[in-house]
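Let me begin by presenting the structure, written as structure tokens, before commenting on it.
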Amino acid sequence: MSRTVLNCGYVPLIDSAPLIIARELGFAAEEGLDLNLVRQPSWSALRDMLALGHLDAAQMLSPMPVAMSLGLGGLPAKIDSLMGLSVNGTVFGVSQKLAGDLGPVPFGDPHALLRALAGRGRGPLRVGVPFPFSMHRLLLSYWTQSAPDLAVEVVTVPPPRMADAVADGHVGAFWVGEPWGSAIVGRGVGSILMAGRHVWGFAPEKVLAARHDWIADNPDPTRHLMRAVYQSARWLDIEKNKPLAVEILGRSEHLNLSQEVIEPALTGLLTLTQGGTPQRIDQFLMFHNHAASFPWRSQAAWIAARLGADAAGIERAKQCFRSDLYRANLGPIGADLPGASEKVEGAIAEKTAVASSRGQMILAPDAFFNGRMFDFSASSDQ
């Protein structure tokens, strides 16, 4: 039986795992798809390939579909987020030189870290991030706005080049997705001081995206792709499957990295500085659990607001997170669906049961570091 060929772009990061596993373990084949994974050197290259129609779908940073749909940066295009690929999974750290200047800072304390950075008494802090329209950049600006005396200069660095940028002094700090934070630590050129989840407990990191018109013209391939990725993400969040996932991701045609660099993200056990003892970070990276793959429209609204959108732009952003397709395409295969497609972001302090299509589902804590909440259904923030 012939299969439908889908060209899907990705950047070599741990959170491309749902796409890689969907191909390698046959979830895509079971849906009648030949999933051709097309590795991209940078987010800008991937963006342009998707916008120009050279890719059918792509792994994207969660703000990218919103930014493109709002006409911000590069090629404007109407891009939809079909579902989440990952939640959290990023780290913030500094060069070894800067770490020495800062002195001891408690890991995972964003307030203490801000005070230390603001008090270092020098020029702007140069921070490497992988793309201007990234959750890394949005969390960085949201976090550092609490320290008005801290001047920050943001430098765009493709993830595979981040370790070199830290090593040669091009940047003094970095906010990057795994495995590149662990690669920086492994080279002995930097230390990890907090995870992205310490700023926002449940930040949408990567999404599965496609052009709005392609989705409309290809309802069956869209449905089959979403189902394959959903099954893959569920498989990835089962603990006993992680060793095999590490082995598959490390292959040369995928991430081409050692298992020692890949494993920390999947287990949540990160080494923060060279030679240190690994430390467990709760909720470090999720693919499926706690509705991690659901495209919450309130998260799209938060992204749009941080990008400076007005009320009309926020509504447009909500529409490009396709919770409607998630429900239509995944409900029939038994996916547990939250009762609503929006929520108050930052309101969940501990694991909480909410209404779902199968009775109840457990949502994970999603608090912001400063205790704020964002209710976009009321067009206000608290």
Everything considered on the Cα gyration tensor (a ≥ b ≥ c; rounded for a/c under 1.5, else prolate if a/b is larger than b/c, else oblate), the range 21-176 must be described as prolate
Contact order relative to length of the chain, as percent, for alpha carbon pairs under 8 angstrom and 6 or more apart = 21
For V152 and K97, FRET efficiency with R0 = 25 Å and r from the beta-carbon atoms, rounded to 0.05?
-> 0.90
Can you sort E153, E239, E178, E315 by how many other beta carbons sit within 10 Å, fewest first?
-> E239, E153, E315, E178
Per residue, what volume in Å³ does the convex hull of the Cα atoms of the chain enclose?
-> 129
Per the C-alpha gyration tensor (a ≥ b ≥ c, the square roots of its eigenvalues), the range 92-173 is rounded if a/c is under 1.5, else prolate if a/b beats b/c, else oblate; here it's oblate
What is the extension gain from E253 to H111, computed as 0.36 nm multiplied by their sequence separation minus the C-alpha to C-alpha distance, in nm to one decimal?
-> 47.1 nm
Taking the chain as a Gaussian network, Cα atoms linked when under 10 Å apart, which of I21, I192, I238 shows the biggest mean-square fluctuation?
-> I238
Candidates Q299, Q59, Q96, ranked by Gaussian network fluctuation over the chain, Cα under 10 Å, top entry = Q96
For the chain, modelled as a Gaussian network with Cα springs under 10 Å, which listed residue fluctuates most, E247, E342, E263?
-> E247
How much mean residue ellipticity at 222 nm does the chain get from its helices, if each DSSP H run of length 4 or more adds -39500 (n - 2.57) and you divide by all residues, to the nearest 500 deg cm²/dmol?
-> -9500 deg cm²/dmol
In nanometres, the difference between 0.36 nm per residue of separation and the alpha-carbon distance of V354 and H170 is 61.6 nm
Pair L244, S2: separation of 7 Å Cα→Cβ label points (nm) | 3.1
Let me know the shape class of the range 273-382, please: from the alpha-carbon gyration tensor, a ≥ b ≥ c as square roots of the eigenvalues, rounded when a/c is under 1.5, otherwise prolate if a/b is greater than b/c, or oblate.
-> oblate
If you count the DSSP beta bridges with both ends in the chain, what percent of them are antiparallel, to the nearest 5?
-> 65
Full-extension gain in nm, N36 to D310, via 0.36 nm per residue minus C-alpha separation | 94.8 nm
Ranking of S258, S323 by count of other Cβ atoms within 10 Å, fewest first | S258, S323
Could you grab the relative contact order for the range 214-304? Cα pairs under 8 Å, six or more apart, rounded to a whole percent.
-> 23
Förster radius 56 Å - calculated FRET efficiency between Q319 and R187, Cβ distance, rounded to 0.05 = 0.85
Pop out the ³J(HN,Hα) list for the range 318-333 in order, Karplus 6.51 cos²θ - 1.76 cosθ + 1.60 with θ = phi - 60°, rounded to Hz; leave Gly and Pro as x.
-> 4, 5, 8, 9, 8, 4, 5, 6, 4, 5, 5, 8, 9, x, x, 9
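Quick note: the coordinates plus some simple rules give every number you see, no bench work behind them. Because the structure is a prediction, the values reported are computed rather than measured. Reconstructed Cβ throughout: ideal geometry from the backbone, glycine too, with neighbour counts over all protein chains shown.
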